[in-house]
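Heads up: the structure comes next, in structure tokens.
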Amino acid sequence: MTTPTIYTTENCQQCRSTQRWLRDKGIPFKIDDATEPGNLAAIKALGYRAAPVIVYGPTENAPDTISFSGFDPGSLEHLRRAFEADHPQENLS
């Protein structure tokens, strides 16, 4: 199963808010440390400079990778729709 990845840092309120939003919607996710050198390089390559950075895809229904930074309910909703299209049989929320 393809799941979103959240790159986080310690004591990051927006990271916790993003995790809570995904949990409340029943969307599984992976957490990675944004400060690890390889992760930091990947985040910078995407053009982001602040945590959290959320990455999902590419998948069949989201052929372009979805990525964004910060706690952004509009972007999270876009990710939710893509995730649900990829996993229609799962009972989310």
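The values are calculated or read from the model by the stated rules, or taken from the named source; none is laboratory data. Because the structure is predicted, anything quoted here is derived from the model rather than measured. Here Cβ is always computed from backbone atoms with ideal geometry, including for glycine, and neighbour counts include all displayed protein chains. Note: accessible area is taken over every heavy atom of the protein model, side chains too, but ligands, DNA and RNA are not part of it. Shrake-Rupley method; radii C 1.70, N 1.55, O 1.52, S 1.80 Å.
Within the range 43-59, being touching a helix residue (DSSP H, G or I) at 6+ places or on another chain (Cβ under 6 Å) and of a type in the set (G, A, S) holds for one residue alone: A51.
Considering only the range 23-36, how many residues are in contact with a Leu (Cβ under 7 Å, 6 or more places away or on another chain) and open to solvent by less than 40 Å² (accessible area, probe 1.4 Å)? If you could, list the steps in order and put the result at the bottom.
Here is the first cut: in the range 23-36, the residues in contact with a Leu (Cβ under 7 Å, 6 or more places away or on another chain) are 25-27, 29, 34.
Still in the running and open to solvent by less than 40 Å² (accessible area, probe 1.4 Å): 26-27, 34.
The total comes to 3.
Please specify each residue of the range 37-61 satisfying the condition of being among the aliphatic types (A, V, I, L, M) and open to solvent by 20 Å² or more (accessible area, probe 1.4 Å). Selection gives L40, A41, A42, A45, L46, A50, A51, V55. Looking across the range 70-90, the residues that are open to solvent by less than 40 Å² (accessible area, probe 1.4 Å) and among the small types (G, A, S) come down to G70, S75, A82.
Restricting the search to strands (runs of 3 or more DSSP E) fully inside the range 1-73 and requiring at least 1 residues that are in contact with a Cys (Cβ under 7 Å, 6 or more places away or on another chain) and touching a residue at least 12 places away in the same chain (Cβ under 8 Å) gives 5-8. Among all residues of the range 1-19, there is at least one that is at pLDDT below 95, over 24 Å from Q89 (Cα atoms) and either open to solvent by 80 Å² or more (accessible area, probe 1.4 Å) or in contact with a Phe, Trp or Tyr (Cβ under 8 Å, 6 or more places away or on another chain) (or both).
Please specify each residue of the range 70-93 satisfying the condition of being among the polar types (S, T, N, Q), out of contact with any Phe, Trp or Tyr (no Cβ under 6 Å at 6 or more places or on another chain) and either on the phi > 0 side of the Ramachandran plot or modelled with pLDDT of 95 or more (or both).
To start, the set of residues in the range 70-93 that are among the polar types (S, T, N, Q) comprises 75, 89, 91, 93.
Narrowing further to those that are out of contact with any Phe, Trp or Tyr (no Cβ under 6 Å at 6 or more places or on another chain): 89, 91, 93.
Of everything in the range 70-93, just one residue is among the polar types (S, T, N, Q), out of contact with any Phe, Trp or Tyr (no Cβ under 6 Å at 6 or more places or on another chain) and either on the phi > 0 side of the Ramachandran plot or modelled with pLDDT of 95 or more (or both), namely S93.
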